[in-house]
Every structure is written in structure tokens, then in C-alpha cells.
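K.L.:
Pasting a structure below so you can have a look.
The values are calculated or read from the model by the stated rules, or taken from the named source; none is laboratory data. Quick caveat, the model's predicted, so the values are computed rather than measured. Using ideal geometry, Cβ is built from the backbone for each residue, glycine included, and neighbour counts are taken over all protein chains shown.
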Amino acid sequence: MTRLWNDPSAFANEMIDGFVAAHGRYVRRVTGGVVRSTVSPAGQVAVVVGGGSGHYPSFGGLVGQGLAHGATMGNLFASPSTQQIYAVAKASENGGGVFLSYGNYAGDVLNFDAAQTRLRAEGIRCETVTVTDDISSAPADEAHTRRGIAGGLTVFRTAAAAAEAGYSLPDVTRAARLANDRCRSFGVAFTGCTLPGADQPLFRVPEGRMAIGLGIHGEAGLDETDVPTADELAELLVSRLLAERPASADARVVPILNGLGSVKYEEMFIVYRRIAELLEAVGLEIVDPHVGEYCTSFDMAGTSLTLFWLDDELADLWETPVDTPAYRRGSVVRAQQHADAPVAVVARDEVIAPGDEGSRAVAKTVVAAVQAIVETLDANVDELGRMDAIAGDGDHGIGMQRGSHAALAAALAAAGAGAGAGTTLSHAADAWADRAGGSSGALWGVMLRAVAAQLGDQGGPDAAAVATGVAAASREVTDYGKAEVGDKTLVDALVPFSSTLWQEVAAGASLTDAWCAAAAAATRAAAATADLISRVGRARTHGQSSLGTPDPGAHSLALIVTAVGDLLAARTSVAGSAHA
């Protein structure tokens, strides 16, 4: 298990600070992650990779000459926020456009896509290739939905080599897409990993058994078997991957045997000995074999095999020298270091236009509501994590807790500066999205901003305005996240909450009564998700595992709207008593 930390909530930030302190010749700190500390050629495409922390050397360890120009580094096992990705991309951009690449996970897709849209709106050319190498996560005819694991190294390195060779942004993208199409990975695990501060691993494998087809975020395997011998494991890995050999592949292949955190190099060498024999036995030419840790999962005991099938172009690009903190190939000509002047960080404009007296009064209720959300999530963080670990990665409770605490701090600061209700909630929304990261952070940011737009900073909103804001939140979440009712996500609770709220308000109910009725509808709908199989997001590949357990996103939404309803009811009761 992970043993050394100070405050678990500060683990990722302190880790990045220490990483930069140890590797200043390669990287420097910027908002959201790290960028090269060396000067890149003007006009060169900037390759920006990223994802959650906990996978070192991915992603920061791959920043340096010949590889990535920047890496966004989110919280533990949570995608970086849109703001973090945007900030790293801006700090990396050299005038040739930005190429983004990351593993195909719901939160990463939401946040990277939003950052790409923002960059393009500013006139910065931007393209993306998601990594989809894990053959266990979807069948071959749905390869575009597969998740990215250790094969990300091949896509990142190919894109960066193409940029180094002077390729244009469209050609960098084409080369990276080709690399992704020719990359296949498959993994196993013997124990789950334990996040800092947690007293239990995200999943358990029975003694003497091995999970097959695991994910790198603590997602449990899709199957289980007795622990094999080293040779038997090699035969399992190779047979699964050769069954998916790309139709256009020639005989050249780069094998990458990746350790996930606790399997020792000596063990992997024994496994690789047999892998090499098996590949050669079928007439393959082994090029530049890799055995080591390239994409870990904290202390997970496990390993994965990646086969990267070369052609002439990919083979040439693969020979590009690389020099990064955690990965070196060949010899680079040392580039000039950046001057000591810090990279400008991207920060929100803190100038707050004051709201009028009525809106400032409502802002106090907004702050109280966010406080109630914090208290609710603090009380339920462990249960939300347990629910999420059944068919996800176990971090939903931690992420929601981080986001809500950041939202409260931002709301208090805004209201203290005289902001109206809309600005107060908008600042809370941005802080939640930025601190939580992941899909839940992005979606809660979307929801709170939609409601904030209807609250405004002048006067007190009526019940219809609040219902309109919630309806807008529901529409934007379904548009943004692409989930529908029945997919087993927070949408299953949000849609009935919104529709019930609107119906009650239209029938003449007060905001408090309408909200409480809607919260009850959301609670019933969230409980009913226990009977659904997940069809989208990270839990999709483990859909059967989640039967009998409500969706944690839907459950947390129901808890939150219930807590806000209780607050409104208590305030209404106090107000009524005062007038009695």
C-alpha cells in the first residue's frame, strides 16, 4: 500500500512539486502540470499529454526533448480539469499548433475536448488522438471505445517524433492515429492498489488468483484464474495479442512489458524471456524491446504487454532520440534552457462586480447551500467510494469531496467580496470543476454554471428562474456528457429531478416545496439505477458487476439535492416562525 503522504488531498500537488524540484533540467511547473524547461523550436507542433496522477512515469515523466512538450497532471486517478489542460497547452504552444493525446476515459474526453474547443476559439490550432490500446475493454468491432493503458507511450512517442521531424499538425495527428491503430495491450493483476489515506485497496484479488483484463485506475479484472507460472503468463499475454494482429502489419514489432507498480523487474525479465521466444517462434522481428515501468497504478501488483506493430514510417520515427526524466533513448543535442522567468499561469479574473442588495442576500443562501453539500459529501465520502469501486475506480467520493470543498472556499470569497448570487455560484462552479477534475467535476461545473446564469446578480430569483436554471443544467449535461436516461449515470437522477421541479413550480408550488418533491423523485430514481447495467463511462466495461448497486453519480446527486432541500425547508420554517 501507499505509505508516505502528508495530507492525502494535497498528495498530487506535493508530488508534482517534488518531481519538478528533482528534474528541473527537464521540466518546470505551470498551472495544471509541467512543461519542458528547454526551449523548443519556433513553429514546432506542441505535443501535450496527460491524465490523472498515480501512473508515473506517465505523464510528467515523459516530458522532455524528443517526447512531450507538456503534461497535464490531474488528481489521483482523476482527469485534469479543462482549465488545467488549457493552461498547460498555452504554456507549451510554439506557434505550430497543439496536439493532445490521452487515454480514452470519460472524464479525460470531457475535459480535453472542452480545452480543445477553448484553444480553437482563441485561434490556436488543436487536434486530438485518444489512446485505445486495451483489447480487454471492448471487442474489436468497437475498438474506438477501448480505454488507453500502457500503449500510450507508443502514441505519445510517435506524435512527438513527428513533431521533432517538422511534421505539420495534420501530419502529426495522422502519424499518431496510425500508431494507435497499430498498438494492442493486455494486462493482468495479482492485487489491487491503495490510494494515499485509504485503508483498503480499490479491489481485491483472492490469494492465489489473478485478475485478467484489468484497468490502470483500479478497475477490477474482467475474469479471474489461478496464478500461472511465468511462462504460462507469457503465453496468455502473447496469444491474446497475436489474435488481434493488425491486418496490415508486417513482421516488425516493439514489445513493451509494463510493470504496474509492485511486480519486480527480475520477475518481468523471466516473463519477457518467454515472450521473446514466442514472438520469434511465429517469425516476428523484435525491435527495441522494453521491460520496465511505463504506466503504473500506484502499488498495484500486475503487468501488461503491449505489441506495437511498425511500418517504415513508424520505424523511422521510433528511432528519434528521447531525453526525459523517466525515459531515454539515443542521444539528443542538448537544447537551451529557458530563462528563469516563470511561465505565465492562466488565472481567473478576480475582479468581482458587486451584486445588488437583494442578490447579495441570496448569495448567503448559496453559500449555506454549498456548505450543506460539503457536510453531506464529507459524511458519505467512504460509501460513495465503495459504490464506485464496484464497477469503477473508487475515487468518486474523494473527487466530489475535493470539488465541494474548493467550491465552498470560492463561494465564501466571492460573497465576501460583495458578489451577487449568480457570481457566487459561478465561482463555486469553476472551483469545483478545476479541483475535482474527472467527469464528475466537469459535469458539476456545467450544472452549477447553468443555474448561476439564471440566478443573476440583481434581485432575488423566483421559483421559475431556479427551475429554468435546473432544466438548462439537465440539457447541458446530456449534451456535454452524451449520457441518456438508462445509461446508469447521474443523468438518471438529474432528469427526474429537473422535470419534477418544473412540474411542481408550474402547478404553483413554492420553491421549497417543489425542490423537496423533486429531491424525493431524484432519490427514487437514483435507487432504481441499481437495476441498470452501465452503458457509458469508465464503468461500462464492468457493467454486470454494478448490478445491485446504485450509480454513485446518481446517488451523490440525490444526496446533494436532498441536503439543499432540507436547508431550504429549515429556512422557510424559520422565516414562517418569525412572521407568526
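K.L.:
Which of the numbered conditions does H144 fail, given that it passes all the others? Conditions: (1) in a loop (DSSP other than H, G, I, E, B); (2) within 21 Å of the chain's Cα centre (by Cα); (3) surrounded by fewer than 24 Cβ atoms within 10 Å (Cβ to Cβ).
P.N.:
Answer for H144: the failing condition is (1).
K.L.:
Please state which one of A138, A87 is over 15 Å from the mean Cα position of the chain (by Cα), surrounded by fewer than 24 Cβ atoms within 10 Å (Cβ to Cβ) and over 16 Å from R177 (Cβ atoms).
P.N.:
It is A138.
K.L.:
Right, something else. Would you check which residues across the stretch 5-28 are out of contact with any Leu (no Cβ under 8 Å at 6 or more places or on another chain) and touching a residue at least 60 places away in the same chain (Cβ under 8 Å) and list them?
P.N.:
W5, S9, F19, A22, H23, R25, Y26, V27, R28
K.L.:
Still on this structure, please answer the following. Is it true that A507 is in the same structural domain as G385 (by TED's automatic domain parsing), under 30 Å from G221 (Cα atoms), at pLDDT 95 or above and surrounded by fewer than 20 Cβ atoms within 10 Å (Cβ to Cβ)?
P.N.:
Working: in the same structural domain as G385 (by TED's automatic domain parsing): yes; under 30 Å from G221 (Cα atoms): no; at pLDDT 95 or above: yes; surrounded by fewer than 20 Cβ atoms within 10 Å (Cβ to Cβ): yes.
Considered against the rule, which asks whether it is in the same structural domain as G385 (by TED's automatic domain parsing), under 30 Å from G221 (Cα atoms), at pLDDT 95 or above and surrounded by fewer than 20 Cβ atoms within 10 Å (Cβ to Cβ), A507 comes out as no.
K.L.:
Of all residues in the stretch 376-403, which are within 17 Å of the chain's Cα centre (by Cα), in a helix (DSSP H, G or I) and closer than 17 Å to A10 by Cα?
P.N.:
H396, G397, I398, G399, M400, Q401, R402, G403
K.L.:
Follow-up. Specify which of the listed residues (S58, S40) is outside any strand (DSSP E or B), farther than 25 Å from G151 by Cα and of a type outside the set (D, E, K, R).
P.N.:
Numbers: S58 fails: farther than 25 Å from G151 by Cα.
Just a single option satisfies the conditions, and that option is S40.
So that you can scan it fast, the table gives a plain yes or no per residue for (1) surrounded by fewer than 22 Cβ atoms within 10 Å (Cβ to Cβ); (2) farther than 21 Å from L202 by Cα; (3) at pLDDT 95 or above:
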position	(1), (2), (3)
W5	yes, no, no
P8	yes, no, no
G18	yes, yes, yes
A46	no, yes, yes
A68	no, yes, yes
F77	no, no, no
E93	no, yes, yes
L100	no, yes, yes
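K.L.:
Now for a different question. Within the stretch 222-245, is there a residue that is assigned by TED's automatic domain parsing to the domain that holds C295, more than 15 Å from A315 (Cα to Cα), of a type in the set (A, V, I, L, M, F, W, C) and at pLDDT below 95? Before you say what the answer is, go through the steps one by one.
P.N.:
So in the stretch 222-245, the residues assigned by TED's automatic domain parsing to the domain that holds C295 come out as 222-245.
If we keep only those that are more than 15 Å from A315 (Cα to Cα) too, we end up with 222-245.
Remaining after also requiring of a type in the set (A, V, I, L, M, F, W, C): 222, 227, 230, 233-234, 236-238, 241-243.
In the following step, the residues that additionally are at pLDDT below 95 were identified as 222.
Looking for residues that are assigned by TED's automatic domain parsing to the domain that holds C295, more than 15 Å from A315 (Cα to Cα), of a type in the set (A, V, I, L, M, F, W, C) and at pLDDT below 95, one finds at least one in the stretch 222-245, hence yes.
K.L.:
Also: Suppose we keep only residues that are within 20 Å of D299 (Cβ to Cβ) and among the charged types (D, E, K, R) within the stretch 164-222. Which one would you say is surrounded by the most Cβ atoms within 10 Å (Cβ to Cβ)?
P.N.:
E219
K.L.:
Right, next: Among A471, A463, A442, A467, which is the only one that is buried (at least 23 other Cβ atoms within 10 Å of the Cβ) and under 16 Å from A519 (Cα atoms)?
P.N.:
A467
K.L.:
Can you confirm whether S185 is in the same structural domain as L236 (by TED's automatic domain parsing) and under 22 Å from the mean Cα position of the chain (by Cα)?
P.N.:
yes
K.L.:
Could you say whether any residue in the stretch 300-320 is modelled with pLDDT under 95, touching a Ser or Thr at 6+ places or on another chain (Cβ under 9 Å) and surrounded by fewer than 17 Cβ atoms within 10 Å (Cβ to Cβ)?
P.N.:
The answer is no; no qualifying residue exists.
K.L.:
Which members of the stretch 474-500 meet the condition of being of a type in the set (K, R) and crowded, with 22+ Cβ neighbours inside 10 Å?
P.N.:
Listed by number, the list holds a single entry, K488.
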